[in-house]
Amino acid sequence: MIPLLLASAEDITQNVSIFDPVSPPAESIRSLAVLVLAITAFIFIVVEGILIYCIIRFRRRAATGIAAGETEPPQVYGSKPIEIAWTAAPALVVFVLILVSARTLWEVNVPPPKPREGDHTLFVTVVGRQWWWEYTYDYYNGRRLGFTTANELHIPVSEAGIERPVYLTLKSADVCHSFWVPRLAGKTDCIPGRINSMWFQTDRPGLYVGQCAEYCGTQHANMLLRVVVDSPSDFKRWLDRQQKERWPIKNDPRLGDERVRAGARDFLSQSCVKCHAVRGTRAKGRYGPDLTHLMSRRTLASGMIANYPEGRPLDNLEDSKRLAWVTDPQKIKSGCLMPAFGLSDRETGNIVRYLLTLR
Ligand code: CUA
């Protein structure tokens, strides 16, 4: 439907059609959409059919002597059967649509249950921000997690016999946003001062993309969503990694690189730490994305630019986009809340070297 989503970050054409659902809420929405389309298409065809028939059948024909002003068709005033028919039929149609819509709402809008041991259920708090997504992993399988990451949501795949539903608690830090991954579930708004929730689950691993679906400012169009559905073992590995604090790590060979150490010093002494967190360091800012495991994410700037494209070495410092982002984010995502700090080329290079170690 909108294949250009995320085309900027990866050369994969992503399917974002609501008619190709992979999760129960998205399936319910597809069924409702198909039913509504069928009913309205039927009405459209009947009405337009009669209209076209009348235009042709009763067009002005000079040969029969019926010209404008000469005669008028018989005028009918009031007919009980006709009026009852054209009131009852639409009322019935609307009533059916209300009933199926209510059933769909019921299926889609499931309040999150209480986490408990062995429930295979993932609970994540999502905060919409201008213009990125913050994810705090609360519980999985009854176990408290409590780490925060950004922009790329990892969830476990469901298998035959083991369902692994995901419940999202949706909030906003600034203005209204809307969380929408069309193949997984419908749109749910993130509204300041209000808590919404949604759920989905899927047995199809892979990457599902979406988009903030509520206009939220200059970079609304670049508030992209990525949901990675991992196999159970991949998901466990990802969880274990995300829960670790990263820096400083004693005896880490990367500490031997003077420029990495300099980058760490620069990062921790600049304003970076006011907005960004790196767990295990004094960078505890919560205003921008948590960078603890930055290099485990495939994109930067909420899906706008590639962090490390497939097949390219992780340590490729020549990745100019990444350097450009640290140098001046406004050039890439104008209006975003990270300013250019006027760092020298050497400082930027050092900081990027340090960031590359945050895996
Ligand atoms: Cu966030 Cu639109």
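Structure above, values below:
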| item | result |
| --- | --- |
| Filter result (more than 16 Å from GLY210 (Cα to Cα) and within 15 Å of the ligand (Cβ to nearest atom)) within segment 150-174 | LYS171, SER172, ALA173, ASP174 |
| Per-region count, segment 211-234, residues in contact (Cβ under 8 Å) with a residue 40 or more places away in the chain and in a loop (DSSP other than H, G, I, E, B) | 7 |
| Test: residue in segment 124-135 that is farther than 16 Å from TRP199 by Cβ, in contact (Cβ under 8 Å) with a residue 40 or more places away in the chain and touching a Lys or Arg at 6+ places or on another chain (Cβ under 6 Å) | yes |
| Qualifying positions in segment 136-156 - under 21 Å from the mean Cα position of the chain (by Cα) and farther than 18 Å from SER197 by Cβ | PHE147, THR148, THR149, ALA150, ASN151, GLU152, HIS154, PRO156 |
| Of the criteria (1) over 16 Å from the mean Cα position of the chain (by Cα); (2) more than 15 Å from TRP199 (Cβ to Cβ); (3) surrounded by 21 or more Cβ atoms within 10 Å (Cβ to Cβ), which one GLU159 fails | (3) |
| Condition check for VAL181: crowded, with 21+ Cβ neighbours inside 10 Å, in contact with a Lys or Arg (Cβ under 8 Å, 6 or more places away or on another chain) and on the phi < 0 side of the Ramachandran plot | no |
| So PRO182, is it more than 19 Å from ALA301 (Cβ to Cβ), assigned to a loop (DSSP other than H, G, I, E, B) and within 14 Å of the chain's Cα centre (by Cα) | yes |
| Complete set of residues in segment 258-286 that are surrounded by 15 or more Cβ atoms within 10 Å (Cβ to Cβ), touching a residue at least 60 places away in the same chain (Cβ under 8 Å) and not in a helix (DSSP H, G or I) | ALA277, VAL278, ARG279 |
| Qualifying positions in segment 108-135 - within 16 Å of the ligand (Cβ to nearest atom) and either more than 19 Å from the chain's Cα centre (by Cα) or β-branched (Val, Ile, Thr) (or both) | VAL126, VAL127 |
| Qualifying residue in segment 190-197 (condition: surrounded by 21 or more Cβ atoms within 10 Å (Cβ to Cβ), out of contact with any helix residue (DSSP H, G or I) (no Cβ under 6 Å at 6 or more places or on another chain) and not acidic (Asp, Glu)) | yes |
| Residue match in segment 63-84 (condition: surrounded by 12 or more Cβ atoms within 10 Å (Cβ to Cβ), touching an Asp or Glu at 6+ places or on another chain (Cβ under 6 Å) and either at pLDDT 95 or above or of a type outside the set (Asp, Glu) (or both)) | no |
| Subset of segment 159-173 [at pLDDT below 95 and in a strand (DSSP E or B)] | GLU159, ILE162 |
| Criterion: touching a strand residue (DSSP E or B) at 6+ places or on another chain (Cβ under 6 Å), basic (Lys, Arg) and either closer than 21 Å to GLU134 by Cβ or modelled with pLDDT under 90 (or both) - qualifying residue of ARG226, ARG241, ARG279 | ARG226 |
| Where a residue in segment 83-95 is closer than 12 Å to ILE43 by Cα and its partner, wherever it lies, is surrounded by 10 or more Cβ atoms within 10 Å (Cβ to Cβ), with Cβ under 9 Å and at least six apart | PRO90/ILE43; VAL93/ILE39; VAL93/ILE43 |
| Pairs, first among the hydrophobic types (A, V, I, L, M, F, W, C) in segment 312-338, second outside any helix (DSSP H, G or I) and modelled with pLDDT under 75, C-beta under 8 Å, six or more apart | LEU314/TYR308; LEU323/LEU317 |
| So ASP138, is it within 15 Å of the ligand (Cβ to nearest atom) and free of Cβ contacts under 8 Å to residues at least 40 places away in the same chain | no |
| Residue count for segment 287-309, restricted to those that are over 19 Å from the mean Cα position of the chain (by Cα) and either part of a strand (DSSP E or B) or without any contact (Cβ under 8 Å) to a residue 24 or more places away in the chain (or both) | 1 |
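Let's see how each residue does on (1) within 16 Å of the ligand (Cβ to nearest atom); (2) under 21 Å from ASP20 (Cβ atoms); (3) at pLDDT 95 or above:
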| site | (1), (2), (3) |
| --- | --- |
| CYS176 | yes, no, yes |
| VAL181 | yes, yes, yes |
| ASP203 | no, yes, no |
| ALA213 | yes, yes, yes |
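The values are calculated or read from the model by the stated rules, or taken from the named source; none is laboratory data. A quick note: this is a predicted structure, and the numbers were derived from the prediction, not measured. Using ideal geometry, Cβ is built from the backbone for each residue, glycine included, and neighbour counts are taken over all protein chains shown.
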